[in-house]
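The values are calculated or read from the model by the stated rules, or taken from the named source; none is laboratory data. No experiment lies behind these values; they were computed from the predicted model shown. Here Cβ is always computed from backbone atoms with ideal geometry, including for glycine, and neighbour counts include all displayed protein chains.
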């Protein structure tokens with residue numbers, strides 16, 4: 001019943017969100033169920049801005065274009081400008097290896113950073129998530145300056161036997177291409193958690 005209600009809520013708000021999204025893009029909202037960490041009021045906005053995108057996220061969301069897929073060896077990258085940090089650490093970054101992103105068995109990997117200078121790598125399978133690499137501090141992850149902004153260039157480099165996770169040109173973690181990381185083919189996209197405003201530039205895979 002819980003999943004049915006969540007899906008109904010998603011379908012109820014999807015049309016309004018699609019009206020704001022760049023052509024061809026889809027989004028999936030994950031509403032907070034935590035009383036101690038609620039979503040902010042207002043509607044999500046995900047719009048084209050120059051050659052990139054601008055995401056304003058009172059709620060957490062995943063963004064993707066079904067035409068954007070990668071397989072084999074590839075590099076996925078994006079430059080993320082944190083425009084407005086939240087009152088506590090929330091994460092944003094790259095999604096890859098995705099499938100069934102609109103369904104009940106959504107499946108993808110994601111590589112994210114946060115304003116407190118940490119990164120993480122996770123896999124989502126349906127309603128469950130698991131850590132590939134838990135929240136880890138690293139000097140390569142830039143924290144907001146006095147204006148509240150920071151810029152982090154993220155890359156996922158998929159090779160035949162491993163996956164490297166790169167922040168601002170520095171490899172912060174490498175993972176064998178097995179277990180949770182065995183399947184990296186699929187849709188790629190963007191993830192922005194709640195209470196954040198982020199600009200994304202240079203988003204591509206090749």
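Laid out as a table, the results:
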quantity	calculated
Complete set of residues in the range 97-123 that are touching a helix residue (DSSP H, G or I) at 6+ places or on another chain (Cβ under 8 Å) and buried (at least 23 other Cβ atoms within 10 Å of the Cβ)	109
Residue match in the range 28-44 (condition: within 15 Å of the chain's Cα centre (by Cα), surrounded by 14 or more Cβ atoms within 10 Å (Cβ to Cβ) and modelled with pLDDT of 95 or more)	no
Test for residue 77: is it assigned to a strand (DSSP E or B), over 21 Å from residue 202 (Cα atoms) and in contact with a strand residue (DSSP E or B) (Cβ under 9 Å, 6 or more places away or on another chain)	no
Hey, residue 59 modelled with pLDDT under 95, surrounded by 14 or more Cβ atoms within 10 Å (Cβ to Cβ) and under 26 Å from residue 161 (Cα atoms) or not	no
Within the range 102-155, strands (runs of 3 or more DSSP E) holding 1 or more residues that are more than 16 Å from the chain's Cα centre (by Cα)	128-137
Those residues of the range 156-168 which are within 19 Å of the chain's Cα centre (by Cα) and either modelled with pLDDT under 95 or not in a strand (DSSP E or B) (or both), in sequence order	168
Flag if residue 141 is in contact (Cβ under 8 Å) with a residue 24 or more places away in the chain and in contact with a helix residue (DSSP H, G or I) (Cβ under 6 Å, 6 or more places away or on another chain)	no
